[in-house]
Amino acid sequence: MSEATRDESLDRWRLPLSSEPQTRDGRRSEPAMKSGFWRRHGKPPEDVTVASKTADPRRTKEEPAVVEKERAKRLPASRRSLWQSPLTRRILALNIMALLVPVLGLLYLPTYRDSLLQSELELLKTEGKLFSGALAASGVVTGPLGDEKLLPETSRQTIRRLVDVSKTRARLFTPDGTLIADSFLLSGPGGIVTITPLPPLEPEQSLVWRWISGAYDWVFNRLPSSRVLAPYQESAVQNAADYHEVVKALAGEATTDVRDAGKGKMILSAAVPVQRYRQVLGSLLLTKSGDDIENTLRDTRLTIIGVSGVALGITVLLSLYLASTIALPIHRLADAADRVRRAKGRQQKIPDLSSRGDEIGDLSGALRDMTEAVWRRMDAIEGFAADVAHEIKNPLTSLRSAVETVARVEDPQQQKKLMGIILDDVQRLDRLISDISDASRVDAEMSRAEAGPVDMRALVLALADIHAATGDENDQRPRIETKLPASDSLTAMGTEGRLGQVLRNLVTNAISFSPPNGTIILSARRTPRRIIVTVEDQGPGIPPDKLKAIFERFYSERPRGEKFGTHSGLGLSISKQIVEAYGGTLSAENRTDADGRIVGARFIVDLARA
């Protein structure tokens, strides 16, 4: 039947649509039936509320807000900028964190700081030993009893000359702990003068640089140090007991120490004994500020920050480039999928990004294939619905004609004949509905069932044994002969129940076309990647122009003499649907002899090997 004829037939049999609400099974809903009752019998009772006339006041207020909220959540991807993409932000955050973690570790620099401190302390100790040797050579006097001691005035002059070229502060203590010389104290006619070294003049800095320096000092002054420093305190009258390193130096041991001067400053100190012939005549304490170390650390950190800033800029640019190659194509695909979902026709297409050769290209291809599969499925559903309506109308038409006629016929024989027609049409409808139900369930079951290894050898042998066991001595049905390789494994991917259904349909079809006492050959063989199962009969074959049409729904090409309506024409269609669901193919061809004459039909099931 042509499509035009089928559509006209459908139009003639299409039921009028009711304007009242209906449930899924086609029955009118309860409010609709009540409305019809009230229209026929007058005003509705007062205690009954009509759903179509009454609205929930909460819905009118809440629904628009909920709809707007959902629309805001589902902002189309094309309206998002690159910075609005969560994926872009995640890529930026991960790449920046991967850069900042080692940079922050480098800026901390505890080991480098300790090594600088140790180097400065060693230099200070060496300088103290040189100064103590000069003091022992020039500032020592021998008393009448042969005892030696340091001369305060000579020692002060020697110390001032020694520290003129250095930035250190030198203090000399006698063995009894008295301070006799300090390079920061000068004695003159007016008394003692305190010398305070002034810091060098710094160039004028911009406001931005001062803000950066302040932020630098605030951050790094709060970093934990590798050691806890004791505060530096200086009493008005100094004594050797105020400095533990001086006490150790008076005992003959050179010692260093670092103290906290406040505001992130440090004081480095080194105390060495002043000895003459191994006799300790005093202790020389050298102290200096740790500004040089802090300046070195500052320069190093600023260099690291500068390099890290350049690296950060490159990282951000590369992250944005990476995000643009990932996020934007995904946005395009998501937006295209949204347009396809909202569109009324098929003019919307998924962008083809398969040329990228990466996962996004694979996603694009998968979405395109999925969209095409959805459209094909919709076309199949529409075609199936039309075919079902057409096939059901035929027995219904016959049934209605028979029922209308039987009421007017008085002849018992004619009535009996009409009742037989009615019974055949009812059975045909029952068989047709059962096959339609089975066909409609195949897709759903195929999507849920997990394909696994199926032994096709056991399946073929079981089918042949069942056929042989159900026959008798006078049975003229065709016999089934199996041809299987002796040792090859014939394991295919699928489910045993559905593949068994395919073979049963093919064998049943072959039996219906084979002559009495004929032979049906069931064979299977293995190729490197496939399992091939064939069903051959000795029937009249298939018209060459119908080799593909026989797999269409409701197509039936039956042998002559067979009762009409005993087959729905869905068996081969269901079989093909099952085989293709497991990644295989089902095809048909004619068997010919040496003269080219058709001697039967052959159905070939091609399945993937397990």
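We did not get these values from a lab; they are worked out from the coordinates using the rules stated. Note that this is a predicted model, so its numbers are computed, not measured. Note that each Cβ is placed from the backbone with ideal geometry, even for glycine, and that neighbours are counted across all protein chains shown.
Before moving on, here are some points about what is shown:
- Across region 360-367, coupling constants 3J(HN,Hα) worked out from phi with the 6.51/-1.76/1.60 Karplus curve, θ = phi - 60°, read 5, x, 4, 4, 4, x, 5, 5 Hz, and Gly and Pro carry x.
- Neighbourhood charge, 15 Å Cβ-Cβ cut-off, centred on Gly452 and excluding it, Lys, Arg +1 and Asp, Glu -1: -1
- Taken about its Cα centre, region 449-608 carries a charge dipole of about 320 debye when Lys and Arg each add +1 at the Cβ and Asp and Glu each add -1 at the Cβ.
- Dipole-positive endmost among Thr470, Gly497, Thr482 within region 468-512 (Cβ charges, Cα centre): Gly497
- Sorting Glu450, Glu245, Glu404, Glu445 by the number of Cβ atoms found within 10 Å of their own Cβ, with the fewest placed first, yields Glu450, Glu404, Glu445, Glu245.
- Dipole moment magnitude, nearest 20 debye, region 378-447 about Cα centre, only Lys, Arg, Asp, Glu C-beta charged: 440
- Legend: calculated FRET efficiency, Arg210 to Ala366, from the Cβ-Cβ distance at R0 = 41 Å, rounded to 0.05, equals 0.10.
- Around Ile598: net Lys/Arg minus Asp/Glu count, Cβ-Cβ under 11 Å: 0
- Length, then width, then depth: along the principal axes, the Cα atoms of region 314-388 run 64, 23, 14 Å.
- Cross-link pairs exceeding 26 Å in C-alpha to C-alpha distance, out of Lys125/Lys149; Lys483/Lys546; Lys129/Lys149; Lys167/Lys263, comprise Lys483/Lys546.
- 3J(HN,Hα) couplings calculated from phi for region 264-276 with the Karplus curve 6.51 cos²θ - 1.76 cosθ + 1.60 (θ = phi - 60°) are, in sequence order, x, 9, 10, 10, 9, 9, 9, 10, 10, x, 9, 10, 9 Hz; Gly and Pro show x.
- Residues Val599 and Leu396, FRET efficiency given R0 of 41 Å [Cβ-Cβ distance, rounded to 0.05]: 0.50
- Here the peptides 176-182, 524-530, 126-132 are ranked by packing, the mean other Cβ count within 10 Å, and the order with the highest first is 126-132, 176-182, 524-530.
- The modelled label-to-label distance for the pair Glu404/Val280, using points 7 Å beyond Cα in the direction of Cβ, is 13.4 nm.
- Measuring max minus min along each principal axis, the C-alpha atoms of region 449-608 give extents of 42, 36, 34 Å (largest first).
- Kirkwood hydrodynamic radius of region 378-447, from inverse mean 1/r over distinct Cα pairs, in Å: 13.9
- Were the residues from Glu552 through Thr585 laid out at 0.36 nm apart, the gain over their Cα-Cα distance would be 10.4 nm.
- The packing ranking of peptides 230-242, 332-344, highest mean first, is 332-344, 230-242, where packing means the average number of other beta carbon atoms within 10 angstrom of each residue.
- Gain on full stretching of the segment that runs from Val237 to Ile381 - 0.36 nm per residue minus C-alpha separation: 41.3 nm
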